[in-house]
1. Looking at VAL163, is it touching a Gly at 6+ places or on another chain (Cβ under 7 Å) and either surrounded by fewer than 22 Cβ atoms within 10 Å (Cβ to Cβ) or in the same structural domain as ALA224 (by TED's automatic domain parsing) (or both)?
2. Applying the selection to the range 55-75, what residues are under 13 Å from ILE36 (Cβ atoms), surrounded by 23 or more Cβ atoms within 10 Å (Cβ to Cβ) and either without any contact (Cβ under 8 Å) to a residue 40 or more places away in the chain or of a type in the set (A, V, I, L, M) (or both)?
3. The conditions are (1) crowded, with 18+ Cβ neighbours inside 10 Å; (2) within 30 Å of ARG39 (Cβ to Cβ); (3) out of contact with any His (no Cβ under 8 Å at 6 or more places or on another chain), and ILE177 fails exactly one of them. Which is it?
4. So, LEU129, is that one in the same structural domain as LEU215 (by TED's automatic domain parsing) and either part of a strand (DSSP E or B) or at pLDDT 95 or above (or both) or not?
5. Output the number of residues of the range 193-216 satisfying the condition of being within 11 Å of the chain's Cα centre (by Cα) and in a helix (DSSP H, G or I).
6. What single numbered condition from (1) closer than 11 Å to ALA186 by Cβ; (2) of a type outside the set (Gly, Ala, Ser); (3) touching a Gly at 6+ places or on another chain (Cβ under 7 Å) fails to hold for VAL112?
Amino acid sequence: MTVAELQPPAELDAEPLAPAKPFVSLVVPAYNESAIVQRNLGVLCDYMKSLEHKYEWEIIVANDGSRDDTSALAREFAAGRENVFVIDHIVNFGLGQALKFAFNQCRGEYIVTVDMDLSYAPDHIEQLLDKLRETRAKIVIASPYLDGGSVQNVPALRRWLSVGANKFLSLTAHGRIKTLTGMVRAYDARFLRSLDFYSMGMEVNCEILYKAMVLRARIVEIPAVLRWHLPEESAPAPGKPARRSSMRIARYVLTLLVSGFLYRPILFFLVPGLSALLLFGWCGLWMLIDIIQARGLGNAWQLAPHVFVIGGLSLVTAIQLLSCGLISLQNKCYFEQMFHLGTSTYRMSRGNRK
């Protein structure tokens, strides 16, 4: 045997290949954001470049039917950048459909969603991704209402609505999550694509969490700072129109009620049903007192017929509401079982195709 034959194969001497870095898709919905789109995309690109030692990345701008030149400005920014993409809805379908459209275009194994206005600073992105990998959660939420988080510069009405909305939704979700309406999150992309959500508007954020909870997915929150930019900080570029909020208060409140019903529908029947039952109890007590004092049912009726009428109506209402509550609870259980089964079947079919 020669010396050459004793030498190890050349490939054994080669340095081991560095493990591939995780790929992150950053999704940024946009609607009439011409005043800030190029500036804030520049901020996001610079920040993602600072993470290139840990992650490969792409940015997907989901233009949801903007009526200004948001799309043109975003495409101008993306020109010459191989990892920035712009996708367009011809008409404004709403946040839910914009996100769904964008998710289907993402190539990353992790997906992070952020607001175009950067009301959550870009450094939340690394925190979300690190927490997602550390805990192996399916969803990590940037939560200003978690201990350690804060809300800054938000107008009083909007802040009151946001705090009230999240407390209400947290109650309906059994208090497991503090911030349910926020969009700034990190997702396990494979898990996210297994969810079939149908919401058109802002309620999509609540629907995703609800369906993740149905599947008993791990959901984690991290403290975050929600900071609205002061007027001088968010001033548009020269010649650009001022940016306006697209949120409508009445629609927002309705969305919250629908989302709360989605989480725990029985509450919407149980609370008024019990209230009607208490009213019947109060009327029944007065009827009993009147019967004793008037020495007879007929005399009591003549003395205060309205008490009998209100008591009877409240009893019928209580029975109907509590019955509807039980039916809604039963339907919710059926839906959750069917959704769980459908998702499991979908995952199996995708696994078989691969």
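1. no
2. Within the range 55-75, VAL61, LEU73, ALA74 qualify.
3. (2)
4. Against the criterion (in the same structural domain as LEU215 (by TED's automatic domain parsing) and either part of a strand (DSSP E or B) or at pLDDT 95 or above (or both)), LEU129 qualifies.
5. 9
6. In the conditions (1) closer than 11 Å to ALA186 by Cβ; (2) of a type outside the set (Gly, Ala, Ser); (3) touching a Gly at 6+ places or on another chain (Cβ under 7 Å), VAL112 misses (3) alone.
The values are calculated or read from the model by the stated rules, or taken from the named source; none is laboratory data. Quick caveat, the model's predicted, so the values are computed rather than measured. Cβ coordinates were reconstructed from backbone atoms using ideal geometry, including for glycine residues, and neighbour counts include every protein chain displayed.
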